[in-house]
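The values are calculated or read from the model by the stated rules, or taken from the named source; none is laboratory data. Since we're looking at a predicted model, the values are computed, not measured. Because the Cβ atoms are built from the backbone with ideal geometry, glycine has one as well, and the counts that use them run over all protein chains shown. Accessible surface areas use protein heavy atoms only, side chains included; no ligands, DNA or RNA. Shrake-Rupley method; radii C 1.70, N 1.55, O 1.52, S 1.80 Å.
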Amino acid sequence: MLGPVFSIEIITSLRRARYIATRMIYACTLLFALWVAYTGSSAFYMGTPNIRIVAQTAQNFFITLTFMQIGAVLLVGPAIIAGTIAQERQRRQIEYLFATDLKNSEIVLGKLGARLVHLFFIVLVGLPVVAITRMMGGVSTPIMLQAFIITLSTIAWVGSVSICVSVFAPRARDGLTRAYLWLIGMLVVPGIVVSLIQVLSGFTWMVDPEL
């Protein structure tokens, strides 16, 4: 279903140093955050390790790690995916793809699948850090699975929105900007609507029905 575009995109994108640099920066950031969390805990200053305190530190850091992973997907995902189709159009290379026997779905899904693989690799970099927190205790297997499922669903959502914007964007820069705007709108607008509903519902309870 992905077609030959997926294989070509994987091979060519593996040669790009920015993806390797992104994974290295992300791994160093997670390790630094773990070091800061542990040195800031009371177990570090007490000198003697306390199992309960260390486990609580690992649990708090795992929650922070989950938000960092989701934030990394929201920040890096559009930068990797949103310009893939628009860039082909900007370089006037999309016509060559249309001239082949490839279907539109093979072109779009092939490019999307290759970029999702790189985005998944970035998230996978945090697996050794998660293993360290697992040895410290305080993080159960169901919680880890839930966090992993939430991260995967976020990757799928960001990838779908980004590739959809990229199909209609005339340039890669426009696709990137529109993808971020769509994601911000889809994250912020529901919260604003819920807050307004709560405020209005609370206001109606304050009004005297006899008036």
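Taking only Cα atoms of the chain, what ratio of Rg to Rh do you get with Rh as the Kirkwood inverse-distance radius?
Working: Rg = 22.2 Å, Rh = 20.0 Å.
Answer for the chain: 1.11.
Could you work out how far helix 17-39 tilts from the main Cα principal axis of the chain, as a 0 to 90 degree angle to the nearest 10?
Once rounded, one gets 0 degrees.
If I build a Gaussian network model for the chain, linking alpha-carbon pairs within less than 10 angstrom, which residue out of A131, A169, A99 has the largest mean-square fluctuation?
Of A131, A169, A99, the most mobile in the Gaussian network model is A99.
Counting only protein chains, not ligands or nucleic acids, how are T177, T12 ordered by accessible area (probe 1.4 Å), most first? Numbers along the way, then the final one.
On the way: T177 75, T12 50 Å².
Ranked list, largest accessible area first: T177, T12.
Could you check the spin-label model distance between R134 and T39? Points 7 Å from the Cα along Cα→Cβ, value in nm.
2.7 nm
What list of ³J(HN,Hα) values in whole Hz, one per residue of segment 79-96 in order, does the Karplus curve 6.51 cos²θ - 1.76 cosθ + 1.60 (θ = phi - 60°) give from phi, with Gly and Pro shown as x?
In residue order, the calculated couplings are 5, 8, 9, 5, x, 5, 7, 4, 5, 5, 5, 5, 7, 6, 9, 5, 5, 5 Hz.
If I build a Gaussian network model for the chain, linking alpha-carbon pairs within less than 10 angstrom, which residue out of W35, W182, W157 has the largest mean-square fluctuation?
Comparing W35, W182, W157 in a Gaussian network model of the chain, the most mobile one is W35.
On full extension of the chain, what length is gained from I11 through F121, given 0.36 nm per residue of separation minus the C-alpha to C-alpha distance? Kindly include the intermediate steps, with their values, before the conclusion.
On the way: separation 110, 0.36 × 110 = 39.60 nm, distance 1.47 nm.
Net length gain for the segment: 38.1 nm.
Which residue fluctuates most in the GNM of the chain (Cα springs below 10 Å): I143, I155, I122?
Sorting by GNM fluctuation, first place goes to I143.
Can you give the FRET efficiency for I63 and A99, using 1/(1 + (r/R0)^6), R0 = 45 Å, r = Cβ-Cβ distance, to the nearest 0.05?
Working: r = 51 Å, r/R0 = 1.13.
Rounded to the nearest 0.05, the efficiency is 0.35.
With angles folded into 0 to 90 degrees, how steeply does helix 172-206 sit against the dominant principal axis of the chain? Use alpha carbons for both and round to 10.
40 degrees
What is the helix-to-structure angle for 127-136, meaning the angle in degrees between its Cα long axis and the longest Cα principal axis of the chain, kept from 0 to 90 and rounded to the nearest 10?
Its long axis makes an angle of about 10 degrees.
Pick out, from A156, F121, V193, the residue whose Cα sits farthest towards the positive end of the charge dipole of segment 101-211, with +1 on the Cβ of Lys and Arg and -1 on the Cβ of Asp and Glu.
Going by the Cα projections, it comes out as F121.
Would you mind calculating the gained length between F168 and I25 on full extension (0.36 nm times residue separation, minus the Cα-Cα distance), in nm to one decimal? Let's see the in-between values first.
Working: separation 143, 0.36 × 143 = 51.48 nm, distance 3.15 nm.
Residue separation times 0.36 nm, minus the Cα-Cα distance, leaves 48.3 nm.
Note down the net charge around V165, summing +1 for each Lys or Arg and -1 for each Asp or Glu among other residues with Cβ under 11 Å from its Cβ. List each step's numbers first, then the result.
Numbers: positive: R178; negative: D174.
Here the charged neighbours net out to 0.
With each pseudo-label sitting 7 Å past Cα toward Cβ, what's the F148-S195 distance in nm, one decimal?
A separation of 3.5 nm, rounded to one decimal place.
Identify the residues of segment 167-188 with backbone N under 20 Å of a label point that sits 7 angstrom from the Cα of R18 along the Cα-to-Cβ direction, or state none.
From segment 167-188, the list is 167-183.
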